[in-house]
Amino acid sequence: MFTDIRLGQSVVWQFRRTCRERKFAILAYCLMPDHAHLLLEGTDRNSDLRMVIKTAKQSSGQRFAARMKRPLWDEGFHDRVVRPEDDVKRIARYIIENPVRAGLVRSPSDYPLSGSDMWTMEQLIDSLW
C-alpha cells in the first residue's frame, strides 16, 4: 500500500488538508507499508477526531479505489488519548522511529513518508539522543 511513495505523499497531503479544514494539527505521522500512525491534536474545542479521520480516509482513498478496484483503508481506526502528563514529543519520536524498528531504514530521516508539522525531522531526531 504505502510502498508507493507518490500514493503516500498524496495521502499525507489529503490528511494535511483535512486537518487544516477540521481544526487539527499533525504532530507526527508515519505511513508504513501496510498501516499508518498519526499523532493529531485538536486545535478547537469543537475538533472532532472521528470526523477528521473519516473525511481524510475518504478523500485519500477515492482515487485509489477507483484505480485499483479495492479500498485503500480498512474501516475504523484505533485511537489513544494523550494525557496531559504524557510527553507528546516522545510519542512523536516513537512514531517516526517505526521504520527503523521495522528494519526499513537506518535513520528516521531516511524514510520519506514520516514527519511532523510541529517539529522538523532534525528536531525530533536530535531529541532521540
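The values are calculated or read from the model by the stated rules, or taken from the named source; none is laboratory data. All values derive from a computational prediction rather than experimental measurement. As a convention, Cβ positions derive from the backbone with ideal geometry for all residues, glycine included, and neighbour counts pool all protein chains shown. SASA here: full protein model, heavy atoms, side chains in, ligands and nucleic acids out. Shrake-Rupley method; radii C 1.70, N 1.55, O 1.52, S 1.80 Å.
Annotations for the structure displayed:
- Axial C-alpha extent at least 15 Å, average Kyte-Doolittle at least -0.5 - helices from the chain (DSSP): 49-68
- Rolling a 1.4 Å probe over the heavy atoms of the protein chains gives segment 1-56 an accessible area of 57 Å² per residue.
- Stretchable slack from ARG63 to HIS37, in nm (0.36 nm times residue separation minus alpha-carbon distance): 7.2 nm
- The chymotrypsin sites (Phe, Trp or Tyr not before Pro) of segment 20-96 meeting both criteria, a DSSP state outside H, G, I, E and B (loop) and at most 15 other C-beta atoms within 10 angstrom of the site's C-beta, are PHE77.
- Taking 0.36 nm per residue of sequence separation and removing the Cα-Cα distance, the ASP79/THR120 pair yields an extension gain of 12.4 nm.
- Within the accessible area of the chain (1.4 Å probe), percent carbon and sulfur: 48
- With a Cα cut-off of under 22 Å and a minimum spacing of 8 residues unless on different chains, the lysine pairs in the chain number 5.
- Cα-projected label distance for ARG6 with ASP110, points at 7 Å along beta-carbon direction, nm: 2.5
- Of MET68, MET32, MET51, the residue with the greatest mean-square motion in the GNM of the chain, using alpha carbon springs below 10 Å, is MET68.
- Binning the C-alpha pair distances of the chain at 10 Å intervals from 0 yields a P(r) profile of 12, 44, 35, 9, 0 %, listed from the shortest bin outward.
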